[in-house]
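The values are calculated or read from the model by the stated rules, or taken from the named source; none is laboratory data. For clarity, every value in this text was computed on a predicted model and none was experimentally measured. A quick note on method: Cβ atoms are made from the backbone with ideal geometry, for glycine too, and the neighbour counts reach across all protein chains shown. Only protein heavy atoms, including side chains, enter the accessible area calculation; ligands, DNA and RNA are left aside. Shrake-Rupley method; radii C 1.70, N 1.55, O 1.52, S 1.80 Å.
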Amino acid sequence: MNEAAMKAIRVTTSVNGTSYTRAVEPRLLLSDFLRNELGLTGTHVGCEHGKCGACTVLVGGRAVRACLMFAVQAEGKSVETIEGLAAGADALHPIQRAFIDCHGLQCGFCTPGMINSTRALLAANPAPTDQEIRAGLAGNICRCTGYVNIVKAVRQAANEMRTTAAPEGVSK
Amino acid sequence: MKPKPFDYVRVDTLPALFSALAAHDNAKIIAGGQSLVPMMNFRVAQPEVLVDINGVEALNHVGRDGDWLCIGAMARYQDLIDSPLVRESLPLLSEALGHVGYPAIRNRGTLGGSVVHNDPSAEGGVALCCLGAEVVVASAKGERVVPIAEFFVTTYLTDIAPHEVLTEIRIPVPLPRSGSAFRELAKRVGDFAIVNVAALVSVGAGDKVSAVSLALGGVAETPLSFDVGPAVIGHPLDAARAAEAARLVDALSDPQDDNVAGGEYKRHLAGVLVKQALLAAYIDAMAKGA
Ligand SMILES: Cc1cc2nc3c(=O)[nH]c(=O)nc-3n(C[C@H](O)[C@H](O)[C@H](O)COP(=O)(O)OP(=O)(O)OC[C@H]3O[C@@H](n4cnc5c(N)ncnc54)[C@H](O)[C@@H]3O)c2cc1C
Ligand code: FES
Ligand code: FES
């Protein structure tokens, strides 16, 4: 057994409602755990120092940087990634729909993080002003869109979510 | 994988935390991880053992103790911002913490971790200097209480030994007729500030300033308070008095160039923000009635 394997710690965590148990090295970042151990590559990795927001996921309903948490710290927690949002290809979530409708994405690299930040924003504030949208997404960098259409998309999603579906189980 | 391999220890109680720290050389506490993990990802920090205090309930409290507000080291920024108790007794702290990073950073990061990390323009540190906070530092051997200004030694260095834990931040609640304001300029929302200013002003008879406290970030190695009492105490606070206070700060500080801004620019900015913050704090105090 090599040194790394000897140091492995068991972690059990719920990701998009499914419980997973894995033995991982303590230094495995939550972002790499999601991508490499669980194959959930929708969590993108841009900077690995908290700056770009591409890796933003929800832990316990709160938006956090998956690159600034170790997988072992997700023990007993519930993690939500972009993969858990849509019921299927034909049943996109209103936020996803709005990003498409409003051209809120081009290359799509920032999009999972943008959408997860938006989920948290709208759960805490279902009717944000443009300024509140910008503050809520300030930690998500996009190299393509120039942000205007992202703000527009969040506005559309907020309107739609207020007038239709029951709220998601996200607390903040 | 980016960080160097390390052992991971999760603790739930203070005694377990003290013994974990005593048992290992080169152990580090992880609180919110929002400063430590970036440093580990870059391998600037290479702890051999990481002691996780996220589950220590005894460090996760916010409460009033007479004229003091006591904040446990694991209290996260967003919880403090959302706390009605903090908003009512220390609006300056709520306002300042709203400027820290982005929502995702505030959801994890702790005020305790920020104080131990000691960035020169950390909003938490600037507000705590202005408010005259104290920190409680504990180990298996006992506790000591350190005024925040003494705790901040120099950039990224604080008065804490490897086996010690910052357990609590204690902040005196300001006098009833006090007002406060926090002002900062950063290149983008959520960036570390180039300069930031926290002001606390108390008014007495005749709307004259009876006490003032002012702290700045970004102009020295650590957040720093400045005595501007001679410029403003005993008078209503107007633009001329605020300008005089800004001159005092200018005479007492010597901001250095860094990779974000030049010293001369920071000097100018400090003057502008000091005037704005003092006037806003005075107006806030006046709004509290006679
Ligand atoms: C993208 C980004 C933007 C940011 N922007 C800002 C900003 O604008 N303003 C700002 O002030 N900060 C900012 N930060 C830093 C953030 O505030 C950190 O949360 C904070 O500096 C450290 O708190 P933490 O709980 O995350 O501590 P950690 O990262 O867990 O720990 C930091 C250090 O303190 C030690 N430590 C932590 N808790 C204790 C304790 N109780 N006792 C003893 N030692 C302890 C650790 O061992 C470590 O050395 C930003 C961070 C990121 C990633
Ligand atoms: S990869 Fe996590 S914030 Fe950039
Ligand atoms: S769509 Fe390309 S980075 Fe945002």
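Scanning the stretch A:90-103 finds no residues that are within 28 Å of A:R27 (Cα to Cα) and of a type outside the set (V, I, T). For A:V154, indicate whether it is in contact (Cβ under 8 Å) with a residue 24 or more places away in the chain, away from ligand 3 (no atom under 16 Å from the Cβ) and more than 10 Å from every other protein chain (Cβ to nearest Cβ). In short, no. Can you confirm whether the stretch A:140-149 contains a residue that is within 13 Å of another protein chain (Cβ to nearest Cβ) and either away from ligand 3 (no atom under 16 Å from the Cβ) or part of a helix (DSSP H, G or I) (or both)? Checked against the condition, which is being within 13 Å of another protein chain (Cβ to nearest Cβ) and either away from ligand 3 (no atom under 16 Å from the Cβ) or part of a helix (DSSP H, G or I) (or both), the stretch A:140-149 yields no hits at all. The strands (runs of 3 or more DSSP E) found wholly in the stretch B:140-216 and carrying at least 2 residues that are of a type in the set (G, A, S) and open to solvent by less than 20 Å² (accessible area, probe 1.4 Å) occupy B:178-185, B:195-203.
Within the stretch B:99-129, being away from ligand 2 (no atom under 16 Å from the Cβ), in a loop (DSSP other than H, G, I, E, B) and either touching a strand residue (DSSP E or B) at 6+ places or on another chain (Cβ under 7 Å) or within 13 Å of chain A (Cβ to nearest Cβ) (or both) holds for B:H99, B:N118, B:P120, B:S121, B:A122.
Any idea which of (1) surrounded by 22 or more Cβ atoms within 10 Å (Cβ to Cβ); (2) facing chain B (nearest Cβ under 10 Å) is the one A:T43 doesn't satisfy? Result: A:T43 passes all but (2). Taking every residue in the stretch B:174-189 that is within 14 Å of chain A (Cβ to nearest Cβ) and pairing it with any residue that is surrounded by 15 or more Cβ atoms within 10 Å (Cβ to Cβ) and among the hydroxyl-bearing types (S, T, Y), at least 6 positions away or on another chain, the pairs with Cβ-Cβ distances below 9 Å are B:A186/B:S121; B:V189/B:Y102.
When B:R87 is tested against (1) more than 25 Å from A:C55 (Cα to Cα); (2) not in a helix (DSSP H, G or I), only condition (2) is not met. Looking only at residues in the stretch B:10-35 that are open to solvent by 10 Å² or more (accessible area, probe 1.4 Å) and under 25 Å from A:C55 (Cβ atoms), the one that is nearest to the other protein chains (Cβ to nearest Cβ) is B:Q34.
Yes or no: B:P38 in contact with a helix residue (DSSP H, G or I) (Cβ under 9 Å, 6 or more places away or on another chain) and open to solvent by less than 10 Å² (accessible area, probe 1.4 Å)? For B:P38, the condition - in contact with a helix residue (DSSP H, G or I) (Cβ under 9 Å, 6 or more places away or on another chain) and open to solvent by less than 10 Å² (accessible area, probe 1.4 Å) - is not met. Could you please find all residues in the stretch B:230-269 being over 16 Å from B:A211 (Cα atoms), open to solvent by 60 Å² or more (accessible area, probe 1.4 Å) and assigned to a loop (DSSP other than H, G, I, E, B)? Passing the criteria: B:D254, B:Q256, B:D257, B:D258, B:N259, B:V260.
In the stretch B:73-92, of all residues being more than 27 Å from B:D12 (Cα to Cα) and touching a residue at least 40 places away in the same chain (Cβ under 8 Å), the one that is surrounded by the fewest Cβ atoms within 10 Å (Cβ to Cβ) corresponds to B:P91. Taken over the stretch A:67-101, the criterion of being part of a loop (DSSP other than H, G, I, E, B), open to solvent by 10 Å² or more (accessible area, probe 1.4 Å) and more than 11 Å from every other protein chain (Cβ to nearest Cβ) is satisfied by A:L85, A:A86, A:A87, A:G88, A:A89, A:D90, A:A91, A:L92, A:H93.
Remark: pairs (first residue in the stretch A:46-59, open to solvent by less than 20 Å² (accessible area, probe 1.4 Å); second residue within 12 Å of ligand 1 (Cβ to nearest atom) and among the basic types (K, R); Cβ separation under 9 Å; 6+ apart in sequence or on different chains) = A:G50/A:R65; A:G53/A:R65; A:C55/A:R65; A:T56/A:R65; A:V57/A:R65; A:V59/B:R108.
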